[in-house]
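One structure is given below, encoded as structure tokens.
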Amino acid sequence: MNKENFQYSELTGIPSKTNERLIKNFIKADLIEFKGESNQIGGYYLTEKMRNNIKKRIK
């Protein structure tokens, strides 16, 4: 478990193992991606596909 996952767990109240599974599924579905050189300085970001999906739903 990386530092971000622990922070997500505390923030959402969702167990870290569940967060790990969700993150893996979101990456496989091309909804989020990890940017950065390491867990220390990187993070998860929405992909272009997901941003476009959100924009369509907002309109």
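Bear in mind that the values in this text are calculations on the coordinates, not laboratory data. Computed from a prediction, not measured in an experiment: that's the story for all the values here. Cβ placement follows ideal geometry from the backbone for every residue including glycine, while neighbour counts extend to all protein chains displayed.
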Return the loop-located GluC sites (Glu not before Pro) in the chain (DSSP other than H, G, I, E, B) with at most 12 other Cβ atoms within 10 Å of their own Cβ; answer none if there are none.
GLU37
Dividing the alpha-carbon radius of gyration of the chain by 2.2 N^0.38 Å (N being the number of residues), what value is obtained?
1.21
Residues of type lysines that LYS24 reaches as a straight line, Cα spacing below 22 Å, ignoring anything fewer than 8 places off in the same chain:
LYS3, LYS35, LYS49
Karplus couplings for the range 42-54 from phi (6.51 cos²θ - 1.76 cosθ + 1.60, θ = phi - 60°), rounded to Hz, Gly and Pro as x?
x, x, 8, 9, 5, 7, 4, 4, 5, 4, 5, 4, 5
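Which FRET efficiency value, to the nearest 0.05, do you get for LYS17 and GLU37 by plugging their Cβ-Cβ distance into 1/(1 + (r/R0)^6) with R0 = 30 Å?
Working from the Cβ atoms, E equals 0.70.
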How far apart, in nm, are two points set 7 Å out from the Cα along the Cα-to-Cβ line at THR47 and at PHE6?
2.9
